[in-house]
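K.L.:
Have a look at this one before I ask anything.
The values are calculated or read from the model by the stated rules, or taken from the named source; none is laboratory data. These numbers were taken from a predicted model, which means no experiment stands behind them. Every residue, glycine among them, receives a Cβ derived from its backbone with ideal geometry; neighbour counts consider all protein chains shown.
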């Protein structure tokens, strides 16, 4: 028997895991995904009750689902969902009774870990975004003031920066990549938090991130104070001029390296946590 | 077969088990006894791989339980004292989860549930603590595992269920299985456990079969006090006394009295049984 990884057993475990996640989390997922519909119903209700009442916030009018409002709500809801779902989905692993039952299930550690990563990093985010976009599309079917779709709006965003000479370079092209990047980083961090802390998983993860950022800022501050900033920035500028033709490539390259290091690093940490967890 | 060699485990700086060496043979139902906090649950969780040994080793059919390999997990089932109430119907839970144990028999699960008078179509998070425990017991027995570890299985069971539990364990476990039951309710399981393991702080005081115990100790249910009694307990109309069995007489082992005898004469009993 292959005790490390067996595709047949992995398929069986993945199906079991998906079904369990669906049974436990469907209400949570659908509630977040239906926020466009819920929000729209609330707005229409207040508009009807208030006889044309609208909520104006500077340039935005919430009386109709404009693209700006929809993208803002989408971003906010997505971030909240991505922060909370890993602990709701796999936080049970640190629980004595449920975690023990999970460990005792006859599948290898690698199969359980792969299933968890696949579900957290790909399946749930994709399912959430699909459900959210369908929900948003339903609102737009009813109300013609919607404008373009959220997806195309995100996709058309490019993360373009400009240097002093007015030359531009794009960081990692389209906004959809930016979205994927954000999803992978947020989920990786909060999944590790869910596997590490026994209680108040999200709050403790946020607090840990805050402490880490303080420590890193202090270290970077100390490092910067010991180097000659002018010559360092000259070197950076010289490097940028040298590679001016390939600046898009290098900007993308380093962004991808950063993402890979964060996601792989957190993934490895999560793996060791899952591998060695004890009850 | 499970072989334990020089096993030690600590919670931080607090040692719980220290240099335990013993073996658990197939076809036996071990009763794991001990006072509160001596490490019964810790030993069970080490045996099923939920904890990693501090030092020493556990070898189950040539594998270390902490490796948590599917080949070993398929052969073992651990029933903890506290079980999780899942938001699923018991029969669905058992069928889906049972698919991972090759010898799982859903018919046996349903049969044991019926014997326990437990409704398999009820959601587990709507069950009482006793019903939930009975569901997990039914599932554990239906897995057909060679190694079954149970922590206080009769806790929370009503009086008829305790008898049904004993009957189910005898009826539905394979003949070559090794069952380890940790319990304080010795009277609930007196008729099925053999051998008996008594744990003391960090040590195994006794690991002996009922036959061996009755060969070396005599359980006297008479009315006169004996001078050689290691332990004496007043009963209505007489005494229960435990004495060294010098005459080779046969007697019915009372596990509660045995436990108290072992605790009162630790070194004597260890010497008697380690000969």
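K.L.:
Kindly indicate whether any position in segment A:185-202 is surrounded by fewer than 14 Cβ atoms within 10 Å (Cβ to Cβ) and free of Cβ contacts under 8 Å to residues at least 12 places away in the same chain.
P.N.:
yes
Rundown of residues vs (1) under 30 Å from residue B:250 (Cβ atoms); (2) touching a helix residue (DSSP H, G or I) at 6+ places or on another chain (Cβ under 7 Å); (3) not assigned by TED's automatic domain parsing to the domain that holds residue B:97, yes/no style:
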position	(1), (2), (3)
B:122	no, yes, no
B:134	no, yes, no
B:157	no, yes, no
B:163	yes, no, no
B:198	yes, yes, no
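K.L.:
Are there strands (runs of 3 or more DSSP E) fully within segment B:1-46 with at least 1 residues that are surrounded by fewer than 14 Cβ atoms within 10 Å (Cβ to Cβ)? List them.
P.N.:
Filter on segment B:1-46 gives B:2-11, B:14-24.
K.L.:
While we're on this one: Can you give me the number of residues within segment A:5-19 that are touching a helix residue (DSSP H, G or I) at 6+ places or on another chain (Cβ under 8 Å) and either modelled with pLDDT under 95 or in a helix (DSSP H, G or I) (or both)?
P.N.:
8
K.L.:
Are any residues in segment B:64-89 more than 9 Å from chain A (Cβ to nearest Cβ), under 16 Å from residue B:44 (Cα atoms) and over 19 Å from the mean Cα position of the chain (by Cα), and if so, which ones?
P.N.:
If the condition is that a residue be more than 9 Å from chain A (Cβ to nearest Cβ), under 16 Å from residue B:44 (Cα atoms) and over 19 Å from the mean Cα position of the chain (by Cα), then B:64 is the only one that fits.
K.L.:
Here's something else I'd like to know. Considering only segment A:56-71, state which residues are at pLDDT 80 or above and exposed (fewer than 14 other Cβ atoms within 10 Å of the Cβ).
P.N.:
Selection gives A:68 alone.
K.L.:
A further question follows. Any chance you could count how many residues in segment B:49-72 are farther than 18 Å from residue B:150 by Cα, in a strand (DSSP E or B) and touching a residue at least 12 places away in the same chain (Cβ under 8 Å)?
P.N.:
Residues that pass the stated criteria total 4.
K.L.:
How many residues are surrounded by 18 or more Cβ atoms within 10 Å (Cβ to Cβ) and more than 7 Å from chain B (Cβ to nearest Cβ) when one looks only at segment A:97-112?
P.N.:
The number of residues fulfilling the criteria is 4.
K.L.:
State all residues of segment B:41-63 that are facing chain A (nearest Cβ under 7 Å) and farther than 27 Å from residue B:94 by Cβ; if no residue qualifies, say none.
P.N.:
Within segment B:41-63, B:52 is the sole residue that qualifies.
K.L.:
Ok, one more. Do we have any residue at all in segment A:76-88 that's touching a residue at least 12 places away in the same chain (Cβ under 8 Å), within 14 Å of another protein chain (Cβ to nearest Cβ) and closer than 25 Å to residue A:201 by Cβ?
P.N.:
Looking for residues that are touching a residue at least 12 places away in the same chain (Cβ under 8 Å), within 14 Å of another protein chain (Cβ to nearest Cβ) and closer than 25 Å to residue A:201 by Cβ, one finds at least one in segment A:76-88, hence yes.
K.L.:
Which of the following residues is crowded, with 17+ Cβ neighbours inside 10 Å, under 30 Å from residue B:104 (Cβ atoms) and in contact with a helix residue (DSSP H, G or I) (Cβ under 7 Å, 6 or more places away or on another chain): B:178, B:183?
P.N.:
Among B:178, B:183, only B:183 is crowded, with 17+ Cβ neighbours inside 10 Å, under 30 Å from residue B:104 (Cβ atoms) and in contact with a helix residue (DSSP H, G or I) (Cβ under 7 Å, 6 or more places away or on another chain).
K.L.:
Here is a list: A:268, A:277, A:247, A:236. Which entry is away from chain B (no Cβ under 14 Å) and closer than 30 Å to residue B:50 by Cα?
P.N.:
Residue meeting the stated conditions: A:268.
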